[in-house]
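Each value in this text was obtained by applying a stated rule to the coordinates, not by laboratory testing. Bear in mind that the values here come from a model prediction, so they are computed numbers and not experimental data. When we count neighbours, we look across all protein chains shown, and the Cβ atoms used for this are built from the backbone with ideal geometry, even at glycine.
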Amino acid sequence: MPEMTRIEEDLGYVRAAVARMDRSRSPAAIYFLWAAIVVAGFSLVDLAPRAVGLYWLVAGPGGFVLSLWLGWRASRRAGEMDRAEGLRHMLHWFGLLAAGVLAVVPVAAGQASWYGFATTMVLLTALAYWLAGVHGDRAMLAVGALLGAGYAVIVLLPGPVWTITGLLIGAAMAAAGWSAGRRRAPEAG
């Protein structure tokens, strides 16, 4: 019986170690990638509005695919390959991408403007980040909240609010990336 007690203790230790793992944190590179994409894309609204649509047509899906690859690579390097978790992350963010495609429909039908589409995408993105924070990576809560506030600012205030909002959101994403990098650094060494 003492051996059975030891096995139970060992299993308890392993279970506690797994529970403590910070598997919900996204790799730092994903935060930095999206910080750059957001700052550039939001600034284009104020600086070069005609380029915005083409930019997001390439940067949105391209960033999505690159994020998938970065997440897969980080999980593989950490030895934390969990297909079910990876699929949940992919479906979550694919949902935002699909919502963006669907949000174009009212514009194509003449029922909404491109500006209305852009602000709707900020609101949808705020919700996607908020929910990602609720269900996993807590750093995304701040980004989601800031995107929500940015949505209100963009809709209500005149001036170069897209650039300012993009810089604030980019800074929040970079801070989350820096934090994620610091947390993962001891594991990589």
Quiz prompt | Prolate/oblate/rounded call for segment 86-189, Cα gyration tensor, a/c under 1.5 rounded | solution = oblate
Self-check item: Centroid-to-centroid separation of segment 143-176 and segment 103-135 [C-alpha atoms, Å]
Solution: 15
Exercise. Loop sites only, by DSSP: take the trypsin sites (Lys or Arg not before Pro) in the chain that have at most 15 other C-beta atoms within 10 Å and name the longest stretch containing none of them.
Key: 24-137
Quiz prompt | Computed over the chain: relative contact order in percent, which uses C-alpha pairs under 8 Å that are six or more apart | solution = 34
Quiz item: If you place +1 on the Cβ of every Lys and Arg, -1 on the Cβ of every Asp and Glu, and leave all else neutral, what size is the dipole of the chain about its Cα centre, to the nearest 20 Debye?
Solution: 260
Practice problem: Choose one of Gly150, Pro61, Ala128: the residue whose Cα lies farthest towards the positive end of the charge dipole of the chain (beta-carbon charges +1 Lys, Arg; -1 Asp, Glu; about the Cα centre). | Solution: Pro61
Exercise. Enter the mean projected area of the convex hull around the alpha-carbon atoms of the chain, in nm², rounded to one decimal.
Key: 12.6
